[in-house]
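> I'd like to ask you about the structure that follows.
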Amino acid sequence: MVKRPAFTAAFAVVFIALFASSTGRCAPPEYSIQAIRYATSPGVPVSELVVGYPKDTKIDIALVVWLIRGGGHTILFDSGFHRQTFVKEFPMKDYLRPDEAVKLAGVQPEQITDIVISHAHWDHMGGLDLFPKAQVWIQKEEYRYYTGAAWQPGGDHGGIDPDDVKYLVQVNTEGRMHLVDGDNVELFPGIRAYTGARHTYASQYLKVDGNPPFVLASDNCYLYVNLSEHLASDTFSDADHAANIANQARMVQLAGSVDRIVPGHDGLQFEKFPTQGRVAKIK
């Protein structure tokens, strides 16, 4: 005879499974995450990235896209760049076009099903047209501002390539655009977008659930030193610095550990995680 506590526990497990099946709800997939370095920008002053950092310190920063696979999706978080509009300001070495870089992780460009754009800067949105079959996800307010008011008197389009914006509008006319409306929005089962860090007008970062969860910060947190010294990343306006620091604390809460936050341009992610060549296995 089954003892009552054991019977109750067994019944609960069966009930939960039946409920999940009947409602179509199930556990999210266990996603894999890889960081792919497609270029390096040498000798960048840290003070240009981290507010309040000493001006005499320079580092080589990594230019990265993140590949997320699971649940029938092959997702890029950010798309890199291939136009030369801003390269004079940020000289590059060992550049590999992003559609070639993803092949190093065993993925062909046409296999990318989705691209989530953290923000509209040239080195994050400039590779969209290299993946013409992908669905594109961007914050609704980011899209609205940079396809409109940013180019009007008093607007701010620093770091935005007009050709990237033209292609972004084209994606919308082709029916491949998904406008993410605000904070804490589920894009895919177990992958949520968060706002509030204001690196650009309405930038976003991702939490990828799983065992364990990770936060992909992109430029909402440039470097690991942002986290260790509680310093803001460069933001849309000086007034957003405090909000940026607050969102870094929120990232730690979402990830469950500061060690599971992946900053946008820190080459240390390729030392912290197992790496082969240009590809680091985050998870």
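> If you check residue 273 against the conditions, is it open to solvent by 40 Å² or more (accessible area, probe 1.4 Å) and either of a type in the set (A, V, I, L, M, F, W, C) or without any contact (Cβ under 8 Å) to a residue 24 or more places away in the chain (or both)?
When the stated conditions are applied, residue 273 does not pass them.
> Can I ask one more? Between residues in segment 64-86 that are touching a residue at least 12 places away in the same chain (Cβ under 8 Å) and residues that are of a type in the set (Ser, Thr, Tyr) and surrounded by fewer than 18 Cβ atoms within 10 Å (Cβ to Cβ), which pairs lie under 7 Å by C-beta distance while being six or more apart or on different chains?
Qualifying pairs under 7 Å: 69/32; 70/32; 73/113; 74/113; 75/113.
> Is it true that some residue in segment 161-171 is of a type outside the set (D, E, K, R) and in a loop (DSSP other than H, G, I, E, B)?
no
> Let me confirm something: among 238, 219, which residue is at pLDDT below 95, of a type outside the set (Val, Ile, Thr) and closer than 12 Å to residue 198 by Cα?
238
> Restricting attention to segment 204-230, and to residues there that are over 21 Å from residue 37 (Cβ atoms) and in contact with a helix residue (DSSP H, G or I) (Cβ under 7 Å, 6 or more places away or on another chain), which single residue is most open to solvent (accessible area, probe 1.4 Å)?
Result: 230.
> Here is a follow-up. If you go through segment 242-269, how many residues are closer than 18 Å to residue 51 by Cα and not charged (D, E, K, R)?
Matching residues across segment 242-269 total 11.
> Among the numbered criteria (1) free of Cβ contacts under 8 Å to residues at least 24 places away in the same chain; (2) within 17 Å of the chain's Cα centre (by Cα), which one does residue 178 miss?
All conditions are met except number (1).
> Could you tell me which numbered condition residue 55 fails, if it satisfies all but one of (1) modelled with pLDDT under 95; (2) out of contact with any strand residue (DSSP E or B) (no Cβ under 7 Å at 6 or more places or on another chain); (3) open to solvent by 60 Å² or more (accessible area, probe 1.4 Å)?
Going through the list (1) modelled with pLDDT under 95; (2) out of contact with any strand residue (DSSP E or B) (no Cβ under 7 Å at 6 or more places or on another chain); (3) open to solvent by 60 Å² or more (accessible area, probe 1.4 Å), residue 55 breaks only (2).
> Restricting attention to segment 95-128, which residues are in a helix (DSSP H, G or I) and open to solvent by 50 Å² or more (accessible area, probe 1.4 Å)?
100, 103, 104, 110, 111, listed by residue number.
> Follow-up. Do we have residue 280 as in a strand (DSSP E or B) and crowded, with 21+ Cβ neighbours inside 10 Å here?
Considered against the rule, which asks whether it is in a strand (DSSP E or B) and crowded, with 21+ Cβ neighbours inside 10 Å, residue 280 comes out as yes.
> Could you check, for segment 69-92, whether at least one of its residues is open to solvent by 10 Å² or more (accessible area, probe 1.4 Å), over 22 Å from residue 176 (Cα atoms) and not in a loop (DSSP other than H, G, I, E, B)?
no
> Quick one: in segment 192-203, which of the residues that are assigned to a strand (DSSP E or B) and touching a residue at least 24 places away in the same chain (Cβ under 8 Å) is most open to solvent (accessible area, probe 1.4 Å)?
If we take residues in segment 192-203 being assigned to a strand (DSSP E or B) and touching a residue at least 24 places away in the same chain (Cβ under 8 Å), then 195 is most open to solvent (accessible area, probe 1.4 Å).
> Of everything in segment 210-235, what is assigned to a loop (DSSP other than H, G, I, E, B) and in contact with a strand residue (DSSP E or B) (Cβ under 7 Å, 6 or more places away or on another chain)? Give them in sequence order.
213, 219, 220, 221, 222, 223, 231
> Sticking with this one: Can you confirm whether segment 183-191 contains a residue that is touching a residue at least 24 places away in the same chain (Cβ under 8 Å), open to solvent by 10 Å² or more (accessible area, probe 1.4 Å), more than 30 Å from residue 106 (Cα to Cα) and in a loop (DSSP other than H, G, I, E, B)?
no
The values are calculated or read from the model by the stated rules, or taken from the named source; none is laboratory data. Owing to the predicted nature of the structure, the values given are computational and were not obtained by experimental measurement. Please note: Cβ atoms are built from the backbone with ideal geometry, for glycine as well, and neighbour counts cover all protein chains shown. Side chains included, ligands, DNA and RNA excluded: accessible areas come from the protein's heavy atoms. Shrake-Rupley method; radii C 1.70, N 1.55, O 1.52, S 1.80 Å.
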